[in-house]
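Colleague: There's a structure below that I have some questions on.
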Amino acid sequence: MSQRTRDRTGIRPATQDDIAELVRLRALLFENLGGDYFDPPSQDASWQDTLAVVLKDRLATEDVRILAVDGGRGSLAACAIGSVEQRLPGPHLRNGRVGLVIGVVTDPAHRRRGHSRSLMAGLLDWFREREVARVDLYASHEGEPLYRDLGFVNHPDPALYWRP
């Protein structure tokens, strides 16, 4: 991440002290996505406890980057999470390294201040440093214009999933 970006926006790497706020923001992300897939009616909050454990573990790894913007009074205004996965190389994936934007979320009280764009710029710089061949993300309708403006295009593969 360039020094200019850091100075202009207050973006910084998240720390262990941010875990409760990261969990809060991630919960906001799912509320805004809506629908039974992202926010099933039968869910309980136990996923948030599991998320806190995973975040604590992943903050210490080289293959995950969590960026934060302070919101004042111990809260976060926004955060973004990215990871790098090593897959098998192929003609379409020269080194097999794929970046994934796991989530970008801004607290409603801090929206329309450029936090998401700055966080994404920071993540994209980090992905470039790790020489990923591609970066994938799933965009909300609200976030899609930003991602397209940053150069993201439709993925050629159909998105399918399976739950055991």
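Colleague: Restricting attention to segment 60-76, and to residues there that are in a strand (DSSP E or B) and in contact with a Ser or Thr (Cβ under 7 Å, 6 or more places away or on another chain), which single residue is farthest from Arg130 (Cα to Cα)?
Modeller: Val69
Residue-wise test of (1) touching a Cys at 6+ places or on another chain (Cβ under 8 Å); (2) of a type in the set (A, V, I, L, M, F, W, C); (3) open to solvent by less than 20 Å² (accessible area, probe 1.4 Å).
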| residue | (1), (2), (3) |
| --- | --- |
| Ala68 | yes, yes, yes |
| Ser75 | no, no, no |
| Ile81 | no, yes, yes |
| Val84 | no, yes, yes |
| Leu88 | no, yes, no |
| Gly96 | no, no, yes |
| Val101 | no, yes, yes |
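Colleague: So, in segment 47-65, of the ones that are acidic (Asp, Glu) and closer than 22 Å to Gly99 by Cβ, which residue ends up least open to solvent (accessible area, probe 1.4 Å)? It would help to see each step written out before you state the result.
Modeller: Within segment 47-65, the first condition is being acidic (Asp, Glu), and the residues that meet it are 49, 57, 62-63.
If we keep only those that are closer than 22 Å to Gly99 by Cβ as well, we get 57, 62-63.
Numbers: Asp57: 98, Glu62: 147, Asp63: 58 Å².
Per the stated criteria, the residue is Asp63.
Colleague: Being within 25 Å of Val132 (Cα to Cα) and modelled with pLDDT of 70 or more: is that true of Thr50 here?
Modeller: For Thr50, the condition - within 25 Å of Val132 (Cα to Cα) and modelled with pLDDT of 70 or more - is not met.
Colleague: Give the residue, chosen from Gly151, Gly143, Gly122, that is on the phi > 0 side of the Ramachandran plot and either open to solvent by less than 40 Å² (accessible area, probe 1.4 Å) or small (Gly, Ala, Ser) (or both).
Modeller: Gly151
Colleague: Can you name the residue in segment 112-158 that is assigned to a loop (DSSP other than H, G, I, E, B) and aromatic (Phe, Trp, Tyr) and is also farthest from Ile66 (Cα to Cα) among such residues?
Modeller: Filtering segment 112-158 for residues that are assigned to a loop (DSSP other than H, G, I, E, B) and aromatic (Phe, Trp, Tyr), the one farthest from Ile66 (Cα to Cα) comes out as Phe152.
Colleague: Tell me which residues, restricted to segment 104-119, are touching a helix residue (DSSP H, G or I) at 6+ places or on another chain (Cβ under 9 Å) and at negative phi.
Modeller: Passing the criteria: Val104, Val105, Thr106, Asp107, Pro108, Arg113, His115, Ser116, Arg117, Ser118, Leu119.
The values are calculated or read from the model by the stated rules, or taken from the named source; none is laboratory data. Keep in mind that this is a model prediction, so the values were computed, not measured. Every residue, glycine among them, receives a Cβ derived from its backbone with ideal geometry; neighbour counts consider all protein chains shown. The accessibility values were calculated without ligands, DNA or RNA, using every heavy atom of the protein model including side chains. Shrake-Rupley method; radii C 1.70, N 1.55, O 1.52, S 1.80 Å.
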